[in-house]
Amino acid sequence: MAQSKPITKKKKKERDPKRVIAPLVVLVLIYIGLEVGLRVFQVPSYVLPTPTNILIETAASFSIILPDLLFTLKIICIGFCIAIPSGILLAALFSQFDILVKAMQPVVIWLVITPMITLIPLMTLWLGTDPNLRVIIVIIQATPIICLNTLNGFTRVEQEKLELARSVGATKLQTFVSIIFMNALPQVFTGIKLGCIFSTIGAVSADFVSRGMGLGDRIIKFTKYSNFEESYGCIVLIALIGITLYTIVELIEKRIVLWKK
Amino acid sequence: MQTPKIKFDHVTKVFETRSQTIVAVKDYSMEIQAGEFISILGPSGCGKSTLIRMLDGIIDTTEGDIFIDGVKVNLGGKKKMPPEVLRKMGFIFQQPNMLPWYTVRENVALPLRVFGLKGKEWEDRVDELMKMVGLEEYANARPSEISGGMLQRAGVIRAMVHDPEILLMDEPFGALDELTREQMNMELLDIWQKTNKTIIFITHNIEEAVLLSSRVYVMGTNPGHLVETVTLDLPRPRELSMITQSKFIEYRQKLESYIGEIDLSKIK
Amino acid sequence: MNVKNRVVSILAPIASFLLIFAIWEAACRINEIPAWFLPMPSEIFKSMVVDFQDYWPHLLVTLQCVLIGFLIAIPVGLLIATLITSFPLLNAAMSPYITFLVTTPLISLIPLLMLAMGYGMNMRITTVVIQSFAVINMNACTGFNNVPTIRRELMQSVGASRFQTYRMMILPSAATDIITGLRLAAIFATTTCISVEYNAGNTGLGSQIIKYSQYLQTTQSFACIFYVTVIGLIMYGLIALFQKKIVSWQE
């Protein structure tokens, strides 16, 4: 054990060239496979257009798509950036009192299992038709899951660590910041990552229902006019937004949570 | 001349990572006769664990051959060791390594399930072994419900349940406290005397090595290699009280000197 | 102490739910908020019971769609994860795409899927499956990849076959991660189903939420939203039950 363990660990940490090259090979294979397969079997473009056509058509219509892309990006980013502190702060507040945790955890679970996108149709009623209000959907869709995960982290601190804090005479704030919060960071980041996925889903759903703007709306429009290449182009763009946000969060996590293997 | 039970013939193991090549074991040879109790002693990172993992087919060899009963067992590459060879060995890990979803008894009987050994005589054997180490009450307990010492006992009898001829022990009691450890060592000697198994015992504890074994193979690091073989001329059965005898202390100091040399060379 | 704790952990959430609804109710009454803007909880609960006949078929459609989609997503996600993690090269090649699938809101495929498959149950279930299998897959992969080396060595030392190793050691080792995946998948399934129903046809709770809100029948809208909660609770309960029955050990 003593011998084999450090080595396997090292292997993982190093950037194995396989880990970089293999996915690229897969990408190329998928691309060529789809391109050839779709042409040979003459798959109609409404089922799946060829990747090359998606790229060409999307690039050609990019000036039409750009405002929607920027709009969706704005909605997701603002909503997500508000949801993170809201979720964490709410969790921090609840975690201060044992009884509040017990009382509020089921409420947060309730908010998580009831998709907040169910409120989209009512949002217009309450707040009007300004597309910018879709930020609110993103916030309420992403906040509960961030809050729930953070709360789980806050309430699962080992007793010894709290005793350690007490033994060195830490104040309540010091204990919270340096022990409870740091200890919960892995869960906090899990929550934020999930929040990122929930944000994009919320934004696209809001586009679907409220229409008029955004990539979700653009997909419906392109599909209606049989511009399937552009539809898929928009989906790829949404996917890129999602993975970019996720990757940013992951990079920050790697910087901060150094002790997680 | 009798065929040795186990033979390492110039065995080398190299681990390759992208940035470096680590020689874990270099040109290692030893011969062990049936029924012997030998120790492999060395500091951590000397490749002693790698040795018995190669013997048990967990890790493949880079160079050299390993024989059991005169038959070559390292088939090279990813080729799995045949079950009839694996059945000759039982591996005891440093941690209890119980699977938490099985009961203690199911854990102990795991090798029987995998090797396909069914029938009353095997079931009886499980119960017998459980009784031998005082686990019969905990047969249906989950591993999380019993103490570390108990778990390690379960680990020992799990390695014996399919009646192997060879026991490979990878610092088996290293994670236990001193008292439990001494007790387990004596129990182990007792088992060995009763069953006449061939035992390879890995440890970094000199006293333990001297107390238990007939011969000690001392290993050094960078790369892992054999430094010295010390045959222990101490009477059997061994007892804890022997630790204070002059002969015991002499052996201990001798081994200490070898280990000490290694440590110095490591600093360089 | 323990009994008291238990009583508190049951009573506290009940109290907080009661409080939330009481404040909501009071706010509506005192400010005389019109029902089309924000109905009182009492009215919503009343409608849930009185108009049950209206909601029942839609509740059934949504529940079916979520449940069937979820139940298909589980084996799909687990199988793909098993396949990928069984081969190191495939594992390395696919790992970025596993995350990619999870982070992509696959509900954006809805308009195209509608075109290809119509508004029916098949299309809805397909969407639910593709949105929710990914997260099961990701969590299962994490679980399979983080199996302790020492357990692998144990299985190797007794010469276990691939299948034996998988069934006796790898699958249970990953159980905790898989359950986490299932929980998330259940939420994704519900969310996706509602999103589909917003767009496709006029059955299912999602379509009803839209319909009622268009006619300013906000009370009925909320009744439907609360029934979505009921579906969420059913899913949550099922997973908790599964966890209790199958993953009863503690790591």
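The values are calculated or read from the model by the stated rules, or taken from the named source; none is laboratory data. This structure is a prediction, so every number in the text was calculated from the model and none was measured. Neighbour counts run over all protein chains shown; Cβ positions are idealised from the backbone, glycine included. The area values use the complete protein model at the heavy-atom level, side chains included, leaving out ligands, DNA and RNA. Shrake-Rupley method; radii C 1.70, N 1.55, O 1.52, S 1.80 Å.
Give me the inter-chain shielding for A:179-186: mean count of other chain Cβ atoms within 10 Å, whole number please.
Numbers: counts 0, 0, 0, 0, 0, 0, 0, 0.
Per residue, the average neighbour count from other chains is 0.
For chain A, the membrane-span-like helix rule (DSSP H, alpha carbon extent of at least 18 Å along the helix axis, mean Kyte-Doolittle at least -1.0) picks out A:17-40, A:62-95, A:98-113, A:134-155, A:182-210, A:228-256; this says nothing about an actual membrane.
Treat every Asp and Glu Cβ in segment C:43-250 as -1 and every Lys and Arg Cβ as +1, leave all other atoms uncharged, and give the resulting dipole magnitude about the Cα centre to the nearest 20 debye. Each step should come with its number before you reach the end.
On the way: 10 positive and 6 negative charges, 114 e Å.
Here segment C:43-250 has a charge dipole of around 540 debye.
Would you mind computing the Rg to Rh ratio of segment B:94-164 from its alpha-carbon coordinates, Kirkwood style for Rh? Could the numbers behind the result be given before it?
Working: Rg = 10.9 Å, Rh = 11.8 Å.
Using Cα coordinates only, the ratio equals 0.93.
Counting only protein heavy atoms and rolling a 1.4 Å probe, how much accessible area do A and C lose on contact, total for both sides, in Å² to 100? Please report the intermediate quantities before stating the final value.
Working: alone 15970 and 14770 Å², together 25660 Å².
Chains A and C together bury roughly 5100 Å² of accessible area.
Across the protein chains, with a 1.4 Å probe defining accessible surface, the residues B:Asp60, B:Asp233, C:Asp51 rank B:Asp233, B:Asp60, C:Asp51 from largest area downward. Loop sites here are GluC sites (Glu not before Pro) outside DSSP states H, G, I, E and B with no more than 16 other Cβ atoms within 10 Å. The longest part of chain A free of them is A:15-157.
Principal axis analysis of the Cα atoms in segment A:101-214 yields extents of 59, 25, 19 Å, listed in decreasing size.
Full extension of the segment from B:Glu31 to B:Ala141, taken as 0.36 nm per residue of separation minus the current Cα-Cα distance, would add 35.5 nm. With the charge dipole of chain B set up from +1 on Lys and Arg Cβ and -1 on Asp and Glu Cβ about the Cα centre, the Cα lying farthest toward the positive end among the listed residues B:Met89, B:Thr198, B:Leu255 is that of B:Met89.
Where Rh denotes the Kirkwood radius from the mean inverse Cα pair distance, what is Rg over Rh for the protein assembly as shown?
Values: Rg = 31.9 Å, Rh = 30.3 Å.
For the protein assembly as shown, the value is 1.05.
As a test of the definition: with a 1.4 Å probe, what buried accessible area, both sides summed, do you compute for C against B, in Å² to the nearest 100?
Numbers: alone 14770 and 13300 Å², together 26090 Å².
In total, chains C and B hide about 2000 Å² from solvent.
Per residue, the protein assembly as shown exposes an accessible area of 46 Å² to a 1.4 Å probe, with every protein chain left in place.
State which entries of B:Lys48/B:Lys194; A:Lys74/A:Lys221; B:Lys48/B:Lys79; B:Lys197/B:Lys254 exceed 25 angstrom in Cα-Cα distance in the structure shown. Provide the component values of the computation, followed by the final result.
Working: B:Lys48/B:Lys194 27 Å; A:Lys74/A:Lys221 20 Å; B:Lys48/B:Lys79 22 Å; B:Lys197/B:Lys254 27 Å.
Listed pairs above 25 Å: B:Lys48/B:Lys194; B:Lys197/B:Lys254.
With the cut-off at under 19 Å, measuring from each backbone N in segment A:76-104 to a point 7 Å along the Cα-to-Cβ line of A:Leu173 picks out A:89-97.
Dividing the helix sum by the residues of chain C, where each DSSP H run of 4 or more adds -39500 (n - 2.57), gives a mean residue ellipticity at 222 nm of -27000 deg cm²/dmol.
If you rank A:Leu258, A:Leu93 by how much accessible surface each has, with a 1.4 Å probe, what is the order from largest down?
On the way: A:Leu258 135, A:Leu93 95 Å².
These residues rank, largest area first, as A:Leu258, A:Leu93.
What you get for segment B:1-151, charging only the Cβ of Lys and Arg (+1) and of Asp and Glu (-1), is a dipole of about 460 debye around the Cα centre. Straight-line cross-link partners of A:Lys193 among the aspartates and glutamates, defined as a Cα under 20 Å from its Cα and at least 8 positions apart when in the same chain: A:Glu250, A:Glu253, C:Asp177. Of all aspartates and glutamates in the structure, the ones whose alpha carbon falls short of 19 Å from that of B:Lys247, not counting any fewer than 8 places away in one chain, are B:Glu207, B:Glu208, B:Glu228, B:Asp233, B:Glu239, B:Glu256. The long axis of helix C:205-214 is offset from the longest Cα principal axis of chain C by roughly 30 degrees.
Where does each of C:77-87, C:96-106, C:113-123 land if you order them by average Cβ count within 10 Å, highest first? Present the calculation step by step, with values, prior to reporting the outcome.
Working: C:77-87: 18.4, C:96-106: 21.7, C:113-123: 15.9.
Ranked from most to least packed, the peptides come out as C:96-106, C:77-87, C:113-123.
Give me the inter-chain shielding for B:39-45: mean count of other chain Cβ atoms within 10 Å, whole number please.
1
Would you kindly state how much longer the chain becomes between C:Phe45 and C:Ser161 on full extension, computed as 0.36 nm times their sequence separation minus their alpha carbon distance, in nm to one decimal?
Values: separation 116, 0.36 × 116 = 41.76 nm, distance 5.65 nm.
That pair, C:Phe45 and C:Ser161, stretches by 36.1 nm at full extension.
In the protein assembly as shown, a dipole from Cβ-located charges (positive for Lys and Arg, negative for Asp and Glu) runs towards its positive end, and of C:Ile231, C:Phe242, B:Gly116 it is C:Ile231 whose Cα lies farthest in that direction.
Relative to the longest principal axis of the C-alpha atoms of chain C, give the angle of the C-alpha long axis of helix C:175-199, reported between 0 and 90° and rounded to the nearest 10°. That works out to roughly 40 degrees. For chain C, the relative contact order is 26 percent, taking Cα pairs closer than 8 Å that sit 6 or more residues apart in sequence and dividing their mean separation by the residue count.
Rounded to the nearest 0.05, what FRET efficiency do B:Arg113 and A:Leu29 have when you use their Cβ-Cβ distance and R0 = 45 Å?
On the way: r = 41 Å, r/R0 = 0.90.
Given R0 = 45 Å and the Cβ-Cβ separation, E is 0.65.
Helix C:41-50 and the longest principal axis of the Cα set of chain C meet at an angle near 80°. For chain B, report the % of Cα-Cα distances exceeding 26 Å. Beyond 26 Å sits 43 percent of the P(r) for chain B.
For chain A, what is the relative contact order in percent, using Cα pairs closer than 8 Å and at least 6 residues apart in sequence?
Values: 259 pairs, mean separation 64.2, N = 261.
Over chain A, the number comes to 25 percent.
Show me A:194-207, A:74-87, B:37-50, C:186-199 ranked by packing, highest mean number of other Cβ atoms within 10 Å first.
A:194-207, C:186-199, B:37-50, A:74-87
Measuring nothing but how far apart in sequence close Cα pairs (under 8 Å, 6+ apart) lie, relative to its length, chain B scores a relative contact order of 24 percent. Per residue of peptide C:145-153, the mean number of Cβ atoms on other chains within 10 Å of the residue Cβ is 4. Applying both filters, DSSP loop and at most 13 other Cβ atoms within 10 Å, to the GluC sites (Glu not before Pro) of segment B:16-82 eliminates every site.
Counting protein heavy atoms only, the protein assembly as shown has 62 percent of its accessible area on carbon and sulfur, 1.4 angstrom probe. For the protein assembly as shown, a simple Cβ point-charge model (Lys and Arg +1, Asp and Glu -1, everything else neutral) yields a dipole of about 720 debye relative to the Cα centre.
Compared with the alpha-carbon gap, the fully stretched path from C:Leu11 to C:Leu115 is longer by 32.5 nm at 0.36 nm per residue. Packing order of peptides B:165-175, A:170-180, highest average first: B:165-175, A:170-180 (average count of other Cβ atoms within 10 Å over each peptide's residues).
Length, then width, then depth: along the principal axes, the Cα atoms of segment C:43-250 run 68, 37, 21 Å.
Residues whose amide H lies under 5 Å from that of B:Ser44, counting only those 5 or more places away or on a different chain, are absent; hydrogens are built 1.01 Å from N in the peptide plane.
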